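Read through the structure below, which is laid out as structure tokens, and then see the notes.
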4 protein chains.
Amino acid sequence: MLRFENDYSEGCFQEILDEFIKTNMEQTPGYRLDKYCEDAANKIKKACHSENIDVHFLVGGTQANMTVLDAILRPHQGVISPLLGHINVHEAGAIEGRGHKVIAISSGKKLDEEAKLSSESLDLYLTDFFNIGDWHKAQPGAVYISQPTERGALYTKNELIAIKSVCNKFNLPLYLDGARLSYALACDENDVQLEDLAKYTDIFYIGGTKCGAMFGEAICFCNEKFNRDFHCIAKHNGAVIAKGRLLGIQFGVLFSNDLYVDKSRDAYKFAIRIKKAFERKGINFISNSYTNQQFPILTKSQQELIRNNDISFNIECSIDEEKDATRFCTNWATKEEAIKKLEKIISNL
Amino acid sequence: MLRFENDYSEGCFQEILDEFIKTNMEQTPGYRLDKYCEDAANKIKKACHSENIDVHFLVGGTQANMTVLDAILRPHQGVISPLLGHINVHEAGAIEGRGHKVIAISSGKKLDEEAKLSSESLDLYLTDFFNIGDWHKAQPGAVYISQPTERGALYTKNELIAIKSVCNKFNLPLYLDGARLSYALACDENDVQLEDLAKYTDIFYIGGTKCGAMFGEAICFCNEKFNRDFHCIAKHNGAVIAKGRLLGIQFGVLFSNDLYVDKSRDAYKFAIRIKKAFERKGINFISNSYTNQQFPILTKSQQELIRNNDISFNIECSIDEEKDATRFCTNWATKEEAIKKLEKIISNL
Amino acid sequence: MLRFENDYSEGCFQEILDEFIKTNMEQTPGYRLDKYCEDAANKIKKACHSENIDVHFLVGGTQANMTVLDAILRPHQGVISPLLGHINVHEAGAIEGRGHKVIAISSGKKLDEEAKLSSESLDLYLTDFFNIGDWHKAQPGAVYISQPTERGALYTKNELIAIKSVCNKFNLPLYLDGARLSYALACDENDVQLEDLAKYTDIFYIGGTKCGAMFGEAICFCNEKFNRDFHCIAKHNGAVIAKGRLLGIQFGVLFSNDLYVDKSRDAYKFAIRIKKAFERKGINFISNSYTNQQFPILTKSQQELIRNNDISFNIECSIDEEKDATRFCTNWATKEEAIKKLEKIISNL
Amino acid sequence: MLRFENDYSEGCFQEILDEFIKTNMEQTPGYRLDKYCEDAANKIKKACHSENIDVHFLVGGTQANMTVLDAILRPHQGVISPLLGHINVHEAGAIEGRGHKVIAISSGKKLDEEAKLSSESLDLYLTDFFNIGDWHKAQPGAVYISQPTERGALYTKNELIAIKSVCNKFNLPLYLDGARLSYALACDENDVQLEDLAKYTDIFYIGGTKCGAMFGEAICFCNEKFNRDFHCIAKHNGAVIAKGRLLGIQFGVLFSNDLYVDKSRDAYKFAIRIKKAFERKGINFISNSYTNQQFPILTKSQQELIRNNDISFNIECSIDEEKDATRFCTNWATKEEAIKKLEKIISNL
């Protein structure tokens, strides 16, 4: 079977395995106090063109979001998120499990585009909120966005700056979820670089799990107001692994020789080929994605045809009784032959 | 100043004060083990035409919602609520503070009517949810509605039965917030009686604070699956008062001689008079309320004119730069002369 | 029956009822924005000889502890408490329910005296803790003590100063639970006045529920670092009552004409008479109490004899198969005739 | 430097790396739905001689404890633990972070032996608790023990049966933390086998992280009352990794060819050699450990001497100004030459 259902079907870059083998019997201190974590942090800081970043490594995306928001929100505060933000939809209530409301705000667009926050709707919401000043409501304490968004779109640099500017106006930190960041960075249309994230967010994380690591996310605190006691807060969240070096080793590899972005370039191109293959058949998408996830709207019989060719994909959401929005993902491990096969199947729909 | 800003501006029924005075130096056991709580519970069961109700008394509405939902939800479960449900909007994230997502679902109506849940949209949401069966999402664990709704509307008996029937289909308890229940029961259009709540909900609470008590809400468990250890869970939530009899005494009075509903009848009539006064001026409402809260949409200058007459009211939400939806409340203590004065002011807008 | 089982068997001071009656039909703003809350806060500040106190009113003791600690602790922090501290023993895990460990430390005394924290054991614990600097442990974020203690003892002014000094050394706020504060203030042996609490704690609360109010506790923030957003955090904890003036009215009365302390003086004297009555029979105590709770150790047959005289009391804890430590309480409402009757019964044990 | 400071200084069994390499580019479904997780679960069930176990894989020990207890406790319940239980001491309040009190009970022994729970003290505590029936206290909802204990001791089979019998008497599940289980199973004195854990606990976990895996713990639900919705609850706790197969692969290897226990046998022997080396010098221990952690009490100068030989170890706790209890760990990766060097250094103390 060829799996396009998600972007974590395989293991990791061979280079990471090699490094695991090489270092396996070395003894290092536990948690994060080893040279590999230090080295990886330094490489990330260099890639971000900034010395003033505090880098922490956690295991997964939901864990990262839960722990960061636990650290930066006060008890009565919630976090603003687009309607389709991962924290609002796909984390089994993990943020609420830490006591915080996810304040989902609409951008006033069609629901299918609601994964993206507009600075205008954010400004409108916050202006209204603080004008009335209602302490009966969960108070906004942070703003959450994802790059790329959960539907594959990208914030432009100008959009990012505009959102950050609204955040500054209301004195709220901006937190960016980069679970699939490598696929944004590898995209031709993208104009937001790592150094921009370091400049225009307060905290962001660089996704490893979906971008070539076995597991792991690198949390970058760009604002020294927010990282206080983070390691202990992570422990409190069950989010610290004993052999912290495993994370250091992986991110050390990801950020050597430009591997992090380079290995995503094919995934990007392959995704665009899938997109075009569906477009050629006149098939619509629930979202105009520029990255490694594509969301064509397929009839039940189209779905069946594809599945009968031993191709797996996901149902993103139901459209009507006849049709669903589906998800096809590529990743760093996708091979061209798989794309060719899929293109052919699509052409026969 | 005449206050129409809320329905808790005054103290309580004189009959309650009388009873406090009469019983003041009696000694009773603490918490809820006194004869007054027992007596009040019996009166409520009688009013509900049911012996199989377990009645508990808490101090306030947010506390009641927080504690009940803490008791009936498992960690990963959320509670379904209309978009404008009190728990979703006005409780400072108290439900999330207990770890549970408020899953706000739209009824597909205009936003201003979103305080009411339709059985159709509930069914649609739940059918979709369990068809896909996504354990990455907060799982629905209960359904929350309010009677009257936060915007003054009423569920009909048929609507209530339809919602309960969807709940049964998906094996979810239905919890009804009756913060202003007396005003629903006093309304001519209403066809949902206490005995219907006992039949068609799993848990509901009878509001005291806004309906004539100093404070207090009577939580009625109509389904024995849900009240287990409730008293300890309340203590765990800081929601148990030492002198529990204060609640028993109050609800004992509220449920004597039909006071609970009778004293709300004027409030209902007065609210309708306010409604008609605004209608006569061609003023629109954000919601078609049948109960003691009315939500006329007023221009800034209309608002100023009213305030200049020493009348207070609330801003419910902003409509545009010129206009806000406002809130005018009556309650058990409202006097006809106040209504006459307000009618006159409105007529001069 | 004569109840000595607790100190909340009756209603409240008659003066409070009078004020409720007088103000009942007045209209005031909700929550805490009324003149009665303002007036009561001013009276408390005056009684504390300090202008720099921010006073908030909540309904009960567990609620007060839970809300204050939720407000002042960060997620990974716990609160240090004596082994027998109310938050560690009698609050159904409410502090833990807010995510925080109660770090119970022993004073190295007999278990029965463990309600009191010694500055030495506190210093030892904190010195050890921060010397090793273990972020795998819940971090101390505040220190909790009670005056009088849960076993009726008193901190002297010097002891309080010593504890505060240790807190300062480790930069931890000191929070004092005054659930029964009036009985400490009414005690001849006591040398800690309200103004000392204002000076040597960061936050303390003045108990109303057990000291003459129907319900209510006045939380005094003496350090401006800790009260930020407290009202919203209280709402988040379901701890805000709509008719906030009820609390203002009660504390306004309590702090008029020295009623708060004056009405506890008899309770103190009566408690000492009970103590002496037991001592005359050679009966031991689990704790040497100076205040309104006395803890004689009684055999099962002694207990039965007392109960047979229609006297109620509590079991504090089991001593062995033959004996329990019991609790006899007096309060502001206790009458001399009750004490005389109890003395007589004790003399016949 | 030779590290004896903990048992997670190295990577993992070479056999695990080999399997990672072999499977790296295979595509599998996410989370836990792959054949490797299924295979590992089957091997574990076989090793436990039981078909009726539901096996789940999580990443780390604190995460496992936090998630299991979140799943099995109701909101007002706490978990009973020995004073030195890992959840009570070393998890940064993670259990409390989920809302639950850790009810630490003493076995009435010297503090240094308090890592072990005795069935007698458990019975005494629970009998007292439920005799008095105090709903003001956090309610016991589960019992937690560790095999081996945090101080290296072992429960005998009879002790385990006795504890389980007390749990049954009070209808409480028994949860056993096996973070270092392989070292218990490899110990000559041990008479508790995997099949006994399956019989006499309700839930236990098989530690991977410290026993040869890179990371990972296998949670075994032996009682079908407790695993309901566990996967979603894990997601809610941020405890699910996308590439679940990584855990399946590792436990598949650990439970092939008896590797799990076999590779711990040397660690056990080496630990006993360290123990004897200290004993020969007349050095005392804070605990009589039979497993891979040894806790000699060393003077500051002894510590310095050892450190000067480039040996690292941990401080377990302070004894007095001159002495600390230290911790020396062996693990599956310890080499005999390291032990020889350490023996020699010790002999020169």
Output the residue which, of all residues in region B:13-23 that are crowded, with 17+ Cβ neighbours inside 10 Å and within 7 Å of chain C (Cβ to nearest Cβ), is nearest to B:Ala333 (Cα to Cα). B:Leu17
Given (1) open to solvent by 30 Å² or more (accessible area, probe 1.4 Å); (2) in contact (Cβ under 8 Å) with a residue 40 or more places away in the chain; (3) within 28 Å of D:Tyr8 (Cβ to Cβ); (4) assigned to a loop (DSSP other than H, G, I, E, B), number of the condition A:Gln27 does not satisfy: (2)
Every residue in region D:94-113 that is within 30 Å of D:Leu194 (Cβ to Cβ) and surrounded by fewer than 24 Cβ atoms within 10 Å (Cβ to Cβ), please. D:Ile103, D:Ala104, D:Ile105, D:Ser106, D:Ser107, D:Lys109, D:Asp112, D:Glu113
Looking at region D:203-230, which of its residues are crowded, with 24+ Cβ neighbours inside 10 Å and without any contact (Cβ under 8 Å) to a residue 60 or more places away in the chain? D:Phe204, D:Gly208
So C:Tyr183 fits all but one of (1) open to solvent by 50 Å² or more (accessible area, probe 1.4 Å); (2) assigned to a helix (DSSP H, G or I); what number is the exception? (1)
By residue number, the members of region B:231-242 that are surrounded by 24 or more Cβ atoms within 10 Å (Cβ to Cβ) and either in contact with a Ser or Thr (Cβ under 7 Å, 6 or more places away or on another chain) or under 15 Å from B:Gly60 (Cα atoms) (or both) are B:Ile233, B:Ala234, B:Lys235, B:Asn237, B:Gly238, B:Ala239, B:Val240, B:Ile241
If we ask which residues in region A:34-59 are closer than 19 Å to A:Val261 by Cα, assigned to a loop (DSSP other than H, G, I, E, B) and not polar (S, T, N, Q), their number turns out to be 2
Please go through region A:74-87 and pick out each residue that is surrounded by fewer than 24 Cβ atoms within 10 Å (Cβ to Cβ), facing another protein chain (nearest Cβ under 10 Å) and not basic (Lys, Arg). A:His86
Looking only at region C:168-198, count every residue that is more than 11 Å from the chain's Cα centre (by Cα) and in contact (Cβ under 8 Å) with a residue 40 or more places away in the chain and tell me the total. 16
Evaluate the following for A:Ile315: is it of a type in the set (A, V, I, L, M, F, W, C), in contact (Cβ under 8 Å) with a residue 24 or more places away in the chain and surrounded by 15 or more Cβ atoms within 10 Å (Cβ to Cβ)? no
Report whether or not C:Tyr268 is at pLDDT below 95 and within 30 Å of C:Phe251 (Cα to Cα). no
Scanning region C:246-290 for residues that are open to solvent by 60 Å² or more (accessible area, probe 1.4 Å), over 20 Å from the mean Cα position of the chain (by Cα) and in contact (Cβ under 8 Å) with a residue 40 or more places away in the chain gives C:Arg273, C:Arg280, C:Lys281
Would you confirm, using the coordinates I've provided, whether B:Lys164 is over 17 Å from the mean Cα position of the chain (by Cα), open to solvent by 20 Å² or more (accessible area, probe 1.4 Å) and either of a type in the set (A, V, I, L, M, F, W, C) or away from chain A (no Cβ under 14 Å) (or both)? yes
Using the structure shown, decide if A:Ala47 is hydrophobic (A, V, I, L, M, F, W, C), more than 30 Å from C:Met66 (Cα to Cα) and touching a residue at least 60 places away in the same chain (Cβ under 8 Å). yes
If I ask for residues that are within 21 Å of the chain's Cα centre (by Cα) and charged (D, E, K, R), which ones from region D:11-45 would you list? D:Lys43, D:Lys45
Which numbered condition in (1) more than 14 Å from chain D (Cβ to nearest Cβ); (2) in a helix (DSSP H, G or I); (3) over 19 Å from the mean Cα position of the chain (by Cα) is the only one that A:Arg228 fails? (2)
Test result for B:Ala138, closer than 27 Å to B:Ser264 by Cβ, among the aliphatic types (A, V, I, L, M) and crowded, with 17+ Cβ neighbours inside 10 Å: no
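Okay, residues lined up against (1) touching a helix residue (DSSP H, G or I) at 6+ places or on another chain (Cβ under 7 Å); (2) within 14 Å of chain A (Cβ to nearest Cβ); (3) over 30 Å from A:Asp310 (Cβ atoms); (4) buried (at least 17 other Cβ atoms within 10 Å of the Cβ):
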position: D:Tyr31; (1), (2), (3), (4): no, yes, no, yes
position: D:Asp34; (1), (2), (3), (4): yes, yes, no, yes
position: D:Cys48; (1), (2), (3), (4): yes, no, yes, yes
position: D:Gly60; (1), (2), (3), (4): no, yes, yes, yes
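The values are calculated or read from the model by the stated rules, or taken from the named source; none is laboratory data. Note that this is a predicted model, so its numbers are computed, not measured. Every residue, glycine as well, gets a Cβ built from its backbone with ideal geometry; the counts of neighbours run over all protein chains shown. Just the protein is used for accessible areas: all its heavy atoms, side chains included, with ligands, DNA and RNA removed. Shrake-Rupley method; radii C 1.70, N 1.55, O 1.52, S 1.80 Å.
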